[in-house]
Amino acid sequence: MPLPLADRIVPSDAVVTRVVNGATVLLNTDTGRYFTLDEIGSQAWAALTSSPTVHDACDRLLAEFDVDRAELERDIEALIARLTEQGLVEVARG
Amino acid sequence: LSIDLITAIVRGVPGCADRLVRTDLAAFLNAAKQQGMLPVIADRLSSVTVDSGVATAVQAEASGFVAADLYRERELRRVLDALAARGVRAVVFKGAALAYTHYARPDLRPRDDSDLLVPPEARATAHHTLVGLGYRPHQHVTGDLVSYQAIYEKTQNGVVLHVVDLHWRVANPQLFADALSFEEIDAAAQPIATLGSSARGPSAPHALFLACVHRVAHHRDEKLLMWIYDIHLLASRMTAGEWAVFLDLAARRKMMAICRQGLALSAEHFGTAVPPQVAEDSRYAHADAREEPSAAFMNRDRAQLSTFLSDLQALASWSDRGRLLKQHLCPPPAYMRQVYAPSSRAPLPALYMWRAVRGAWRWIARA
């Protein structure tokens, strides 16, 4: 799946989250499975779920991390794929 | 040794990380879990340099607490919203409230259930609301003088997701049942914003009073660190005005000895500083357990029969005493069938006889 730059990432209704010492715990209440994002993953989660588009989220993360855009977009694409696969987010078409 | 190390870690005593490396880690973790302190220990250790093997083991033991709490929080919000929508004024109390009002994160305060207090007259509406949300009531001894609480459980695929302990009085022993009425707690209740616009918990003086009393009245004076730590957190944030309300309440209800013992345990384990205005108050300093019937409950070996006799004494009329005796001896047939012979056709008189014999032994036996 190509990175949906113009789309928006929306947390699933079934997901509840809590930040614990910089990490973010995500619980899918439908499946009962939970996941922990480390500090970098937590910042990506925060940027993705609070930005109007994936592109904007990448811009925010580029400003925070010393990384080139291509590498960041690859990581974000993998993260979105994993989050979608686990029913944690939905991609709202932009 | 483990108890000492747990409290030392919580208090931030230097050198604890080194002591942990030298200790039997499995025994320590087991003790921390049993004392309800594992999440707090894991949280404390996350901010100090500690052996990586120890850190990994502690975090692994504690990792499930956050996820379990996230589910519990979501359910509790639903329950509170639904009760409010049906016009039920509920107050979240005990650990379920303190988790949000006095702990850095709610998952740091382990709890098996969410305790809710509702007005006695709202009990039926609360029952129907919970059942409508998919909760199943536990079978319990019925009788308006035997128990002032009912447990409701929500399960999914055989897994218990959330348990609500619905109370319409604060404790079951008659001596403590009216220690604080719903009206008193409700009038001073404070919002708990994280749990929604309708969520409220007891005021600080009421919460401290309940924390001191609950451990003794409901748990036979069990000195679980988690309950003592609750007292520490509450006492550490009280204002002078709140201490005054607390002292008046404890003196008026003749439960000062119990409250003083709770604060003494808190000071012993967590270094709680009781302000001079409290320590020097004659009602506190000279509280005499012999003048307070409630103080008899400060005894781990207390037999259940003593509690029953205390219940009889605390009731106002002989008709109530007779009713309590009957409710204990002869619960309804449906309850007897479900608890004592769910899959047999044993005659009811035999079940009542069996209950009487077994109950007599349990009531006389000491803890």
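How big is the range B:154-264 by Rg and Dmax over its Cα atoms, in Å?
15.1, 50
Which residue, chosen from A:52, A:6, B:185, occupies the Cα position most advanced towards the positive end of the dipole of the protein assembly as shown, where the dipole is computed from +1 (Lys, Arg) and -1 (Asp, Glu) charges on Cβ about the Cα centre?
B:185
Do you know which residues of the range A:1-43 lose at least 20 square angstrom of accessible area in the protein assembly compared with their chain on its own, with a 1.4 angstrom probe?
Buried by 20 Å² or more upon assembly, which counts only protein chains, are A:13, A:16, A:18, A:20, A:21, A:25, A:27, A:29, A:34.
Hey, quick one: spin label on residue A:74, modelled 7 Å out along Cα-Cβ, who in the range A:1-22 has an amide N within reach, i.e. under 11 Å?
Label zone hits: none.
Please determine, in degrees from 0 to 90 and to the nearest 10, the orientation of helix A:69-85 with respect to the longest principal axis defined by the Cα atoms of chain A, where the helix direction is its Cα long axis.
That works out to roughly 20 degrees.
Quote the charge dipole size of the protein assembly as shown about the Cα centre in Debye, to the nearest 20; the model charges only the Cβ of Lys and Arg (+1) and of Asp and Glu (-1).
Working: 49 positive and 52 negative charges, 464 e Å.
For this selection, approximately 2220 debye.
Please give me, ordered by residue number, the chymotrypsin sites (Phe, Trp or Tyr not before Pro) of the range A:1-92 that lie in loop per DSSP and have at most 14 other Cβ atoms within 10 Å.
Numbers: sites: A:34, A:35, A:45, A:65; in loops: A:65.
Counting only loop positions with at most 14 other Cβ atoms within 10 Å, the chymotrypsin sites (Phe, Trp or Tyr not before Pro) in the range A:1-92 are A:65.
What angle do you read, to the nearest 10 degrees and between 0 and 90, between the alpha-carbon axis of helix A:54-64 and the longest principal axis of chain A?
Long axis of A:54-64 versus the principal axis of chain A: about 80 degrees.
Express the carbon and sulfur contribution to the solvent-accessible surface of the protein assembly as shown as a percent, rounded to the nearest whole number, probe 1.4 angstrom. Kindly include the intermediate steps, with their values, before the conclusion.
Numbers: 11810 of 21990 Å².
Carbon plus sulfur share of accessible area: 54 percent.
Given +1 on the Cβ of Lys and Arg, -1 on the Cβ of Asp and Glu, and no further charges, what dipole in debye does chain A carry about its Cα centre, rounded to the nearest 20?
300
Looking at B:59, B:122, B:265, which one has the Cα that reaches farthest to the positive end of the dipole of chain B (charges on Cβ: Lys, Arg +1; Asp, Glu -1)?
Value: B:122.
Can you list the aspartates and glutamates whose alpha carbon sits under 18 Å from that of residue B:33, skipping same-chain ones fewer than 8 residues off?
List returned: B:4, B:24, B:43, B:61, B:69, B:107, B:112, B:113, B:222, B:230.
What is the distance in Å between the Cα centres of the range B:1-62 and the range B:122-191?
For the range B:1-62 versus the range B:122-191, the Cα centre distance is 35 Å.
So how much slack lies between residue B:352 and residue B:89, counting 0.36 nm per residue of separation and subtracting their Cα-Cα distance, in nm?
Values: separation 263, 0.36 × 263 = 94.68 nm, distance 3.82 nm.
Result: 90.9 nm gained on full extension.
Please give the residues of the range A:74-92, grouped as numeric ranges, whose backbone N is less than 15 Å from a label point set 7 Å along the Cα-to-Cβ vector of residue A:6.
A:92
So if I restrict to the alpha-carbon atoms in the protein assembly as shown, what is the Rg, and what is Dmax, the biggest pairwise distance, in Å?
25.6, 83
What's the total accessible area buried between chains A and B, using a 1.4 Å probe, rounded to the nearest 100 Å²? Write down the numbers at each step before the final one.
Numbers: alone 5630 and 17500 Å², together 21990 Å².
That pair hides around 1100 Å² of surface in total.
The values are calculated or read from the model by the stated rules, or taken from the named source; none is laboratory data. None of these values were measured; they are calculated from a predicted model. Don't worry about glycine lacking a Cβ; one is built from the backbone with ideal geometry, like all the others, and counts go over all protein chains shown. These area figures cover heavy atoms from the full protein model, side chains too; ligands, DNA and RNA do not enter into them. Shrake-Rupley method; radii C 1.70, N 1.55, O 1.52, S 1.80 Å.
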